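Reviewing the structure listed below.
Please treat every number below as a calculation from the coordinates, not as lab data. If you're wondering where the values come from, they're calculated on a predicted model, not measured in any experiment. Here the Cβ positions follow ideal geometry from the backbone for every residue, glycine too, while neighbour counts run over all protein chains shown.
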Amino acid sequence: MNRNEDVNTLYEELLDYYDSIGLSAGYLEFKINKMMEEKKCSREEAIKNLYTQKFPSIIRPKRRTTNVKVEREGDETSTAVYLRMSFILLILGVLLLNKHYVYMSLIPMIFTLFCVLFNTPDEITVQKELSKVKCRVDDIVEIKVRLIVKKGIGFIIVRDVVPKDFELVKGSNVRALFKGLKPLKMTITYSVKCSLKGIYEIPPTEIETIHILGFKKNKYFEFRHEGKITVLPLAFSIRRIRMVPTRSSIPIPMTAISRRGSITTDFREIRKYVYGDPVKFINWKATARTGSKIPLVNEFERESKKTIMIFLDTTTNMKYGTTLKNPLEYGVSAVASLSYYLLNRSFNVGVVVYGNEISISPRTGGDQYYRILRKLITLKTFSNRVSFERSVELNRRWIIECTPLVFIITNITRYNINELIIGIKKIIQYLGRSVERSKKTPVIILDISPLYISANKYKYSNLVVEMADLEKVSLYKLLQRLGVTIIKWEVGRKSLVSAMTPLLRLIK
Amino acid sequence: MRSVTVIQLAIALLTLLIIYHELSAFIMLPKFIGFTKKLVVSTVPGGTLLTPIFENYELIILMILAYASYKELQKGKCSSLVIFAILLYSLTIVNCFRILTGIQVLSKNMKLLIEKLLLLLSINHNVMPPSISLVEGLTLITLYIIARETENLNKIANYLTKSNFPHNDVDKVTMNYLSFLTLLLGASIGTLMLVLYLQGLKLITLPDIRVSLLTAIMLIAIIGLIIYRMYRE
């Protein structure tokens, strides 16, 4: 395919796209010209840019086989036909001295002249109101577009663009209106569901006005709106099931005291001096009594509880399913839910996003929750920049200093199992003696299994999925040898709440 | 959408009625049909069976036209039938072509031929007096405008429906458009009636078009230019 053919194909696909959303070829031309002016580029480049804007993914839209087009431009307009007919009749009437022809010619002529008096709808004002600009995934936002058209007569096609990844749930964002003699005042109301976290610009409202008889050129308007819509990731309200207190099966009881945070006046223990300890805490009397070469220091209790580090996998390993339903999106929801739950219970929570190299140091409080959310919102791309092993190395300071409970949110596959094993071994190494005392390692893996996302779509797909799932069992065994607790979240089959319940039982 | 179909059906029915009237106005047509009947009966064996067809030729023509218009209506069109009616109507007022015989350059034989051709298309003025003929002409041209506009409206409505616009919007747009079309046509016919009324008052003398050909052409050119400029804008 040569270059011109390629551009033509893109143009045709764009034309199909605009046609499918109710806009004519004229609107596409308007967009192309606008882009040529803005970017000062050639027509070919403008078409390519417009195409990549509309279809950012590599998957091209399928060409529709049935296509109904109304050629409102370039087609012979009714008015041209009427005028031609009128002139023919008038000429016949004058030449043949026949009054019937003259009278007949007057009707289309007067009709056309009346139509000429009216302009294409113009002087448009648009106001857009959103019920909320900050919402969570799956929240419904009501959008109101107030439209006033003062002049002209004809058709008005309004298309209020819905942000990418938003889903229309009620009403319609495309409307066809008719402007009569009176000014048109209209409020278009529709609701959209936010399907994916992120920060979105409020998209423009596109309007095409068509003359009553197509006598004059169509007009195009694009009203841009300021502001952004912030869609926060979904956080489920996880509740711990109250049970009779027993010994925790993992080395992180709820009452565990943190080694970080501000120092209280409660005495904890005397221990050997470590580099970095304040001099004022050295217990000189105790040092003299024991005759130790290394001075002993008093240690006091810290505010807040234990630290929890959440490692979220954003490598291509999480790239399964659709753009809306994939392990990464579920993982983000899990991080948001877990951090909300833990921060509410005064834990120090730190988040490490490996793959994309994002690290949020462990802290507690409401601010930390929003700090985590802000980072998670913009998380979209899959990247293999930083491996899990490397990420553990980079954050070893927190692991050594805080001896945290480590959550790893990933999708366990044969491709990342070795990386996980090496990383977990490193965590165990950094945690040191505190782990050696316990049989269990303070590492919990939340395995987001994407196999069930589309399991019910096809016949026998459930069976295939279950067979594929068997592989996971052998992988789990490898990890369990290291004393790791694994929780499997079968997305599409179980909710996060039901998946998390056994996990939260462990944190007593 | 349904209202458009109803209007198109009404146009088709009215046009068929006008066609029936026009057919009955031709003097030579029954004679020609009678001659064909005789020819068929005498030459074709069992031709007598075809006599009812020749006797009710108008109904047969109307049935054929009705079937053709039904097929057109299924596609959302009806202007072809109106165009046919306008062409037929032109034949009924063809007597005015008699002016051609006054042209000096034509030879005598040519003038005779034209006379004979015009004789073939002569009209029974008892069936179609000039006033009825004028009303029919005006009705047909109005019907043509409505037919064309309903066709366009049909296209737009189909396009809107297929492009997932709300059905309510499509219905509202259709109804508003139709009412506006009625208003415009009403205004056009009203203006024409005003012209006819003023003519009755001898304020305008349209039947006595004694203006020279040059003046007429200039008038047409000026009006055309004005409309063309407006169109360009």
Response to the item:
Taking a crude spin-label model, label points 7 Å out from Cα along the C-beta direction, the B:Ile83 to A:Ile422 distance in nm is 7.8 nm
Worksheet item: Once amide H atoms are placed 1.01 Å from N in the peptide plane, what residues at a sequence separation of 5 or more from A:Gly171, or on another chain, have their amide H within under 5 Å of its amide H?
Response: A:Ser191
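Give the residue list of trypsin sites (Lys or Arg not before Pro) in the stretch B:1-67 that are DSSP loop and have at most 12 other beta-carbon atoms within 10 angstrom. Present the calculation step by step, with values, prior to reporting the outcome.
On the way: sites: B:Arg2, B:Lys31, B:Lys37, B:Lys38; in loops: none.
Taking the stretch B:1-67 and a limit of 12 other Cβ atoms within 10 Å, no loop trypsin sites (Lys or Arg not before Pro) are found.
Other chains' Cβ within 10 Å of A:146-157 residues: what's the mean? List each step's numbers first, then the result.
Values: counts 0, 0, 0, 0, 0, 0, 0, 3, 2, 5, 1, 5.
What the average comes to for A:146-157 is 1.
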Discussion item. Give me the one-decimal nm value for the distance between modelled label points at A:Val279 and A:Ser292, 7 Å along each residue's Cα-to-Cβ direction.
Written reply: 1.9 nm
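Kindly provide the GluC sites (Glu not before Pro) of the stretch A:177-239 that DSSP labels as loop, not H, G, I, E or B, and whose Cβ sees at most 13 other Cβ atoms within 10 Å. It would help to have the intermediate numbers written out before the result.
Working: sites: A:Glu201, A:Glu206, A:Glu208, A:Glu222, A:Glu226; in loops: A:Glu226.
Hits after loop and neighbour filter: A:Glu226.
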Practice prompt. Only Lys, Arg, Asp and Glu count, each charged at its Cβ (+1, +1, -1, -1), so figure out the dipole size of the stretch A:307-506 about its Cα centre, rounded to 20 debye.
Written response: 200 debye
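Among A:266-277, A:395-406, A:104-115, how do they line up from the highest to the lowest mean number of other beta-carbon atoms within 10 Å?
On the way: A:266-277: 11.2, A:395-406: 20.0, A:104-115: 23.2.
Highest-to-lowest ranking by the protection proxy: A:104-115, A:395-406, A:266-277.
State the antiparallel share, in %, of DSSP beta bridges confined to the stretch A:307-506, rounding to the nearest 5. Present the calculation step by step, with values, prior to reporting the outcome.
Details: 4 of 28 bridges.
In the stretch A:307-506, approximately 15 percent of DSSP beta bridges are antiparallel ones.
Nothing charged except the Cβ atoms of Lys and Arg (+1) and of Asp and Glu (-1): what's the magnitude of the dipole of the stretch A:367-431 about its Cα centre? Round to the nearest 20 debye.
Values: 11 positive and 5 negative charges, 40 e Å.
About 200 debye.
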Worksheet, complete the sentence: Plugging the Cβ-Cβ distance of A:Glu269 and B:Lys172 into 1/(1 + (r/R0)^6) at R0 = 56 Å yields, to the nearest 0.05, a FRET efficiency of 0.10
Worksheet item: Once the dipole of the stretch A:307-506 is set up with Lys and Arg at +1 and Asp and Glu at -1 on Cβ about the Cα centre, which of A:Tyr430, A:Ile412, A:Ser391 lies farthest towards its positive end?
Response: A:Tyr430
Practice prompt. Starting from the Cα of A:Arg224, step 7 Å along the direction of its Cβ; do the same at A:Ala468; then give the gap between the two resulting points in nm.
Written response: 4.3 nm
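How high is the relative contact order of the stretch B:2-207, given as a whole-number percent (alpha carbon pairs under 8 Å, six or more residues apart)?
On the way: 129 pairs, mean separation 59.4, N = 206.
Taking the mean separation of contacting Cα pairs over the length of the stretch B:2-207, I get 29 percent.
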Fill in: Number of partner chain Cβ atoms within 10 Å, mean per residue of B:131-144
3
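Determine, for each peptide in A:446-452, A:483-489, the mean count of other beta carbons within 10 angstrom over its residues, then list the peptides with the highest first. Kindly include the intermediate steps, with their values, before the conclusion.
On the way: A:446-452: 23.7, A:483-489: 19.6.
Result, highest mean Cβ count within 10 Å first: A:446-452, A:483-489.
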Worksheet entry | Sites A:Leu168 and B:Leu134, calculated FRET efficiency, Cβ-Cβ separation with R0 45 Å, nearest 0.05 | 0.20
Practice prompt. Take the alpha carbon atoms of the stretch A:96-133, find their center, do the same for the stretch A:336-380, and report the distance between the two centers in whole angstrom.
Written response: 61 Å
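For A:Asp138 and A:Asp6, what does the FRET efficiency come to when R0 = 45 Å and r is the distance between their Cβ atoms, rounded to the nearest 0.05?
On the way: r = 40 Å, r/R0 = 0.88.
Taking R0 as 45 Å, the efficiency between A:Asp138 and A:Asp6 is 0.70.
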Response to the item:
Taking 0.36 nm per residue of separation between B:Leu9 and B:Lys38 and subtracting their Cα-Cα distance, the length gained on full extension comes to 6.7 nm
